[in-house]
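The values are calculated or read from the model by the stated rules, or taken from the named source; none is laboratory data. Quick caveat, the model's predicted, so the values are computed rather than measured. Please note: Cβ atoms are built from the backbone with ideal geometry, for glycine as well, and neighbour counts cover all protein chains shown. Heads up: the accessible areas ignore ligands, DNA and RNA and are worked out on the full protein's heavy atoms, side chains in. Shrake-Rupley method; radii C 1.70, N 1.55, O 1.52, S 1.80 Å.
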Amino acid sequence: MEIIDRYIHAVIRRLPQSQREEVARELRATIEDMVADRARGKKPNRAVTEMILKELGHPEVLALRYSDTSAYLIGPKWSGAYWRVLVRLLSIIPVVVAVIMFGVGLLEEGMTLGHAIAKAVGAGIGAVVQVGFWTTLVFALLERSSMDPAKIMGAEWQPDDLPDVPKKRQIARSDTVANIVLTVLAIVATVALTLPRASGSVQVLNPELWNVWIPVFLGLGAASIGLEAAKYRVGRWTRGLVGANIVFNIVVAVYVIVLVFTQQVVNPVFVQLVSPHGSGEWVQWAVGITAVAIVTGSVASAVTSVYKSRQ
Amino acid sequence: MIPISEETYANHALELRRGTIVLAVLSMLKEPYYGYGLLQALEAADVPVDAGTLYPLLRRLEGQGILSSAWDTSEARPRKFYQLSTQGYVFYKRLHGEWDKTQKKLQTMLNKGEENGNN
């Protein structure tokens, strides 16, 4: 019957060439046996045949059972290693890519902050897709090879490999990381916003600041990172750390106040560009508000560090 | 507390039976059988095996050297007959012994469990 031919064809086309003829022959004989039996002497009809085929199940599923290849994309043998590798890669690579592209975006011609962020997010998402795809492909191939996970992934897991339980820290690791990342971003942004550029696009911040103020800013940034490292190593607010923190924040506050009151922070050319007809006063307001925010933040940081050390 | 679903029971019962299919099939194949004939025989022995499971299983067992096969073209309909190979028979006896051991131990545990649990 034609429908049997179609079924058999659907099954064997999924199988390797060498198996096809044999399986087709056997399957046809079996189906015809089953139909003959169910029809019980009457002429086999379509309804009975279809019932039998349904019993055998979806042809592709049957083909899967006939074939030797793994039914899993990534089976139990490789699944543990796969997830571990995937998680580890996804937590590092997209972040690195996004940060790099953010920096590149800032340094590009005609960049804006929004443009840089969009670039970073796009690159990050692309990285996630790439990492996911290639990792999955490699492990799917490994699943179909005869390789032994133990040999590839190294010696079996040992209890000694377990990381230490993170001690309850007064200075949280996440805080440290966040602070350092923000400081680096601030440095990158500032440098990008003031770098003299050949193509003539206007810098946002006053280029003259490079003489003294920007280098001092970079120094403060470095000091900030150093302070974060010291905080991290000690783990809690000791008197020494509190003192250093207070001093640092005072220096930052003084720096910001003096800078805003004595210097033209924003590039005058940029002000012209942004408000050609107005006085550009709003730019000064923006700078002022930012300065107030920074000083307030510094004071708050100093105060909370004292408070925390008393706890 | 959520009640145990009937599906959960069905799954565990299936797992219990699934482990015994190979042994059941091998036990029949001291004599030669063809696919559908074996299916019917298993059904008659009240150990029904799904057609879509049985036929690939026979091929796999043959691929592993446990069964041997031969086409019978004498009848109107040619049929492929399977039977335990020589080494397959040894294999079957060994697996049978494995089952006996496991079954005895399990039976002991179940008996004890029933003594203690008063169930």
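General observations
- Tally, over segment B:72-111, of residues that are within 14 Å of chain A (Cβ to nearest Cβ) and exposed (fewer than 10 other Cβ atoms within 10 Å of the Cβ): 4
- Close pairs (6 angstrom Cβ cut-off, 6 or more residues apart or separate chains): in contact (Cβ under 8 Å) with a residue 40 or more places away in the chain in segment B:7-24, part of a helix (DSSP H, G or I) anywhere: B:Leu23/B:Leu95; B:Leu23/B:Trp99
- Of the residues making up segment A:2-23, those that are open to solvent by 100 Å² or more (accessible area, probe 1.4 Å) and of a type outside the set (Asp, Glu) are A:Arg6, A:His9, A:Arg13, A:Arg14, A:Gln17, A:Ser18.
- One residue from A:Leu64, A:Leu73 being away from chain B (no Cβ under 14 Å) and in contact (Cβ under 8 Å) with a residue 40 or more places away in the chain: A:Leu73
- Just so you know, in segment A:24-36 the residues that are more than 7 Å from every other protein chain (Cβ to nearest Cβ) and more than 55 Å from the chain's Cα centre (by Cα) include one that is most open to solvent (accessible area, probe 1.4 Å), and it is A:Ala36.
- Scanning segment B:38-48 for residues that are surrounded by fewer than 18 Cβ atoms within 10 Å (Cβ to Cβ) and at negative phi yields B:Gln40, B:Ala41, B:Glu43, B:Ala44, B:Ala45, B:Val47, B:Pro48.
- Among residues of segment A:51-103, those that are open to solvent by 90 Å² or more (accessible area, probe 1.4 Å), aromatic (Phe, Trp, Tyr) and within 26 Å of A:Arg20 (Cβ to Cβ), counted: 1
- Conditions (1) open to solvent by less than 50 Å² (accessible area, probe 1.4 Å); (2) at the interface with chain A (Cβ under 9 Å from one of its Cβ atoms): number failed by B:Ile66: (2)
- One residue from A:Ala172, A:Ala223 being within 30 Å of A:Arg236 (Cα to Cα), at pLDDT below 80 and surrounded by 13 or more Cβ atoms within 10 Å (Cβ to Cβ): A:Ala172
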